[in-house]
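J.: The structure that follows is given in the form of structure tokens.
The values are calculated or read from the model by the stated rules, or taken from the named source; none is laboratory data. Model, not experiment: these values are computed from the prediction. Because the Cβ atoms are built from the backbone with ideal geometry, glycine has one as well, and the counts that use them run over all protein chains shown. For the accessible areas, the whole protein counts, side chains as well, though only heavy atoms, and no ligand, DNA or RNA atoms are used. Shrake-Rupley method; radii C 1.70, N 1.55, O 1.52, S 1.80 Å.
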Amino acid sequence: MSAIPTARGVRTTPEGLLWEPSERWVRGRKGDVTVVDSRHPVLVWEPDLPVPQYAFPRAEVREDLLRPAKNPPTGRHAGSRIFYDLAIGDELLESVAWTFPADDLAGHIAFEWFWYRGKGLDHWYEEEEEIFVHPRDPHKRVDALPSSRHVRVEIDGTVVADTHRPVLLFETGLPVRYYVPREDVRLDLLVATDHSSQCPYKGTAAYWSWRGEADVPPNLVWTYPNPLPAVAAVEGLVAFYNEAVDIIVDGERVERPVTPFTKMLSI
């Protein structure tokens, strides 16, 4: 999956970083403390990361809460060498902020988000909407389109879903996902789990596992009970990892794709 944007506003640094200004008002909080309040953020793409990150002008960051890192890491964030610990009350979060090595970005500070290694700022907002996991890539599309295709899903030869009214979700860099109305899914063959995940484009997902004895990974079925407005059409519908089940669309078996989820599902 390529992380390289193509808009004319994107700049390239000698270190291989890509960045572009954003016009969004972005705030980052740790608990009730606003650490970042920026109307001039920039989006940064590191060479080895498929998603962007925000970096902020120093004047729009609570630098009084930052301390030179006691144990700065090596080999992280495109060779960054300057890291900061964040001190809020009695809590010290180590190496959660850093500066990129590029001269173009020398006056900016970036922050970890809480999902990454379980530390960092835990609430982020673009304008008045809370966002999760990572900033949304302005060069990526996610479209949820109702369809009349015939979609059948099988697990170990057992038909677990069969519908003529799916919603197809097209997301840049990922295979088509087929969302099926619950009435067309054999939910009795699945068991709900306590697993959940967050997506900056779709929201928070809940999961099921397969009840049978087939050699399939857990949490291979999901739903978005309250999706973000842009993909409201998938609300309450059920989707399956193409990487782990057999999906037949209009009589043609869909080839199982190899994606970043393939390795995750094999763990």
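J.: Among the residues of the range 72-85, how many are under 19 Å from Val44 (Cβ atoms), part of a strand (DSSP E or B) and open to solvent by less than 30 Å² (accessible area, probe 1.4 Å)?
T.: Going through the range 72-85 one residue at a time, the tally reaches 1.
J.: Oh, and also: From the list Asp250, Asp184, Asp194, exactly one residue is touching a residue at least 40 places away in the same chain (Cβ under 8 Å) and among the acidic types (Asp, Glu). Which is it?
T.: Asp250
J.: Here's a follow-up. Pick from the range 86-126 the residues that are open to solvent by less than 40 Å² (accessible area, probe 1.4 Å) and farther than 21 Å from Ser22 by Cα: which of them is modelled with the lowest pLDDT?
T.: Gly120
J.: Can I ask one more? Give the range 163-177 a look and list any residue that's open to solvent by 20 Å² or more (accessible area, probe 1.4 Å) and more than 22 Å from Pro229 (Cα to Cα), or say none.
T.: Answer for the range 163-177, where residues must be open to solvent by 20 Å² or more (accessible area, probe 1.4 Å) and more than 22 Å from Pro229 (Cα to Cα): just His164.
J.: Of the residues Val151, Val160, which single one is open to solvent by less than 20 Å² (accessible area, probe 1.4 Å), on the phi < 0 side of the Ramachandran plot and touching a helix residue (DSSP H, G or I) at 6+ places or on another chain (Cβ under 6 Å)?
T.: Exactly one residue qualifies, and that residue is Val160.
J.: Residues that are surrounded by fewer than 16 Cβ atoms within 10 Å (Cβ to Cβ), among the aliphatic types (A, V, I, L, M) and at pLDDT below 95: does the range 23-46 have at least one?
T.: No; the residues of the range 23-46 include none that is surrounded by fewer than 16 Cβ atoms within 10 Å (Cβ to Cβ), among the aliphatic types (A, V, I, L, M) and at pLDDT below 95.
J.: Residues in the range 198-231 that are surrounded by fewer than 16 Cβ atoms within 10 Å (Cβ to Cβ) and of a type in the set (Gly, Ala, Ser): how many?
T.: 3
J.: When both residues are 6+ apart or on different chains and their Cβ atoms are under 6 Å apart, which pairs have a first residue that lies in the range 56-84 and is among the basic types (Lys, Arg), and a second that is surrounded by fewer than 16 Cβ atoms within 10 Å (Cβ to Cβ)?
T.: From the range 56-84, the pairs are Arg58/Gly107; Arg67/Ala87.
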